[in-house]
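Here's the structure we're looking at; comments come further down.
The values are calculated or read from the model by the stated rules, or taken from the named source; none is laboratory data. Just so it is clear, the structure is predicted and the values come from calculations on it, not from any experiment. Heads up, the Cβs are rebuilt from the backbone with ideal geometry, glycines too, and the neighbour counts pull from every protein chain shown. With ligands, DNA and RNA removed, areas are computed over all heavy atoms of the protein, side chains included. Shrake-Rupley method; radii C 1.70, N 1.55, O 1.52, S 1.80 Å.
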Amino acid sequence: MGRLKFPKRYLIVILTFISTCVCYVERVGFSIAYTVAADAAGVNQSSKGTILSTFYYGYACSQVPGGWAAQKLGGRRVLLLSFVLWSLTCALFPLDPNHVRLIVMARLLVGVAQGFIFPSIHTVLAQWVPPHERSRSVSLTTSGMYLGAAAGMLVLPSLVKYRGPQSVFFAEATLGAMWSLLWLKYASDPPRAEYPKATASGFGESLLPMRGSQKVKVENGGNSVKTSKIPWKRIFISLPVWAIVVNNFTFHYALYVLMNWLPTYFELGLRLSLQEMGSSKMLPYLNMFIFSNIGGVVADHLITKRIMSVTKTRKFLNTIGFIVASLALMALPTFRTSGGAVFCSSLALGFLALGRAGFAVNHMDVAPRYAGIVMGVSNTAGTLAGIVGVDLTGKLLEAAQIANSDLSGPESWRLVFFIPGLLCIFSSFVFLLFSTGERIFD
């Protein structure tokens, strides 16, 4: 790395990008494989929604503990352990829709394991990435989710068709194991001494709490007192933190509803086959990948060139992203062709991803030292959105199927997409009113 003059932090960002990519291959993969297996077994839509949402119960339970563990043990170690755990679960998990308890237990375990990943990633990035690179670094890392979802939508339906649903889990476990080996070989904690000037901004500082008040040496040979106390109360009553939480909830409500139910919308709502749709079915997630990175680059440009303050930049991109996404979501049921539905869902997901350059980076603006903790808190809300949204959508579709005899009409899907659309409008106003780009936790 030294000969190539390739900064270590870039390698860390690339590896975290790959990690989110692999995680979302897993999530999309389960949705595709289970949907095929459940349809073959005659499972109804409400029951499918319950099983698809099970993952998020485990995921919600481990968000805040994940932030605490990353703070206590180090994000690098916790990230590796979580990957090993969910990969092993996928490798050992037999997919049988008739064994509901086994599926529930496996999905809960995968959810718990993956719940540690994003708090750990934010802890690692807060240590390694300087403030002026945070927007594009976080955007690149999180864009891996969308590239993983796009790759899953493109490849996995064919894998299910030719090798069966179970093959998806072996493929996912293999990817998880390969990433774990890369992380074990190349990842490390940042050497604090190399970044003395950036410490004031939270870059390069140790995030491991110390017992009591402990003296630590500083560069000039003196001592300073460092406390281990995490400001839990201030975090939970902070309006800027709640602005992040509300927007995280809305973003994930829309994302998880589309991720889990878009295949059903294509197949039952539009009477399209995922295999016959070819590469077009991956376009919504590919668009998220592109727009997420555009948002990060634009945000860093606006901040470094001092065109806008950090606060105004976050609010500007968040508002544009969520408002356009809301309009696209509410228009989606009116499009009755493959091209129209793909375009509308791509627009919605793309601008949601653009909005991540607002709220999703804001953790490290307001609390770089406690980025993993704040991420854990806000991602808990995002996970609750998955539980509520995915399960509620199943019940709405079951009711619509009873009322309309099938799910092919736009009226069966209108409420499914109107709910996240209205949430986007509400959340954008909350972020405009209460968010800040200033550091509020020392």
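Once label points are set 7 Å from the Cα along Cα→Cβ at both ARG234 and VAL104, what is their separation, rounded to one decimal in nm?
In this crude spin-label approximation the distance works out to 4.2 nm.
First measure r as the distance between the Cβ atoms of SER158 and PHE426, then evaluate 1/(1 + (r/R0)^6) with R0 = 30 Å and state the FRET efficiency to the nearest 0.05. Intermediate values should be presented prior to the final figure.
Details: r = 39 Å, r/R0 = 1.31.
So the FRET efficiency works out to roughly 0.15.
Between rounded, prolate and oblate, where does region 231-441 land on the alpha carbon gyration tensor, with a ≥ b ≥ c its root eigenvalues, rounded for a/c under 1.5, else prolate if a/b exceeds b/c? Display every interim value, and only then the final one.
Details: a/c = 2.55, a/b = 1.75, b/c = 1.46.
Judged from the Cα gyration tensor, region 231-441 comes out prolate (a/c at least 1.5, a/b above b/c).
Keeping every protein chain in place, order CYS61, CYS21, CYS424 by accessible area at 1.4 Å, biggest value first, i.e. largest first. It would help to have the intermediate numbers written out before the result.
Numbers: CYS61 100, CYS21 25, CYS424 0 Å².
Result, largest first: CYS61, CYS21, CYS424.
Remind me, relative contact order of the chain in percent, using alpha carbon pairs under 8 angstrom and six or more residues apart?
Relative contact order here is 25 percent.
At 1.4 Å probe size, with the rest of the protein present, what percent of the exposed accessible area of the chain is carbon and sulfur atoms? Write down the numbers at each step before the final one.
Working: 11710 of 17580 Å².
Within the chain, the accessible surface is 67 percent carbon and sulfur.
If I model a spin label as a point 7 Å beyond the Cα along the Cα-Cβ vector, how far apart are those points for LYS305 and ASP406 in nm?
The answer from the label model is 5.3 nm.
Within 10 Å, count the other beta carbons around each residue, average over each peptide in 238-249, 334-345, and list them highest first. Before the final figure, lay out the partial values.
Working: 238-249: 23.2, 334-345: 17.0.
The most tightly packed comes first, giving 238-249, 334-345.
Please give the net charge around PHE343, taking every other residue with its beta carbon less than 13 angstrom from that of PHE343, where Lys and Arg add +1 and Asp and Glu add -1. Don't skip to the end; give the middle numbers.
Numbers: positive: LYS281, ARG336; negative: none.
The answer is +2.
So if I take the centroid of the Cα atoms in region 385-399 and the same for region 302-372, what is the distance between those two points in Å?
Answer, in whole Å: 23.
Can you find, among PHE434, LEU258, LEU407, the residue sitting farthest towards the positive end of the charge dipole of the chain, where Lys and Arg contribute +1 and Asp and Glu -1 at Cβ?
It is PHE434.
Nearest 500 deg cm²/dmol is fine: what mean residue ellipticity at 222 nm does the chain get from its DSSP H runs of n ≥ 4 alone, each adding -39,500 (n - 2.57), divided by its residue count? If you can, show how the numbers build up before the last one.
On the way: 17 runs with 321 residues, N = 442.
Counting only the DSSP helices, I get -25000 deg cm²/dmol.
Go ahead and run the numbers for FRET between ILE440 and ALA41, Cβ-Cβ distance against an R0 of 45 Å, rounding to 0.05. Please list the in-between numbers first.
Working: r = 51 Å, r/R0 = 1.14.
So the FRET efficiency works out to roughly 0.30.
Cα atoms only, region 1-188: Rg and Dmax in Å?
Cα radius of gyration and Dmax of region 1-188 are 17.1, 59 Å respectively.
Skip the ligands, DNA and RNA, and give the accessible area per residue of region 231-441 with a 1.4 Å probe, whole Å². Walk me through the intermediate numbers first.
Numbers: 7370 Å² over 211 residues.
Solvent-accessible surface per residue comes out at 35 Å².
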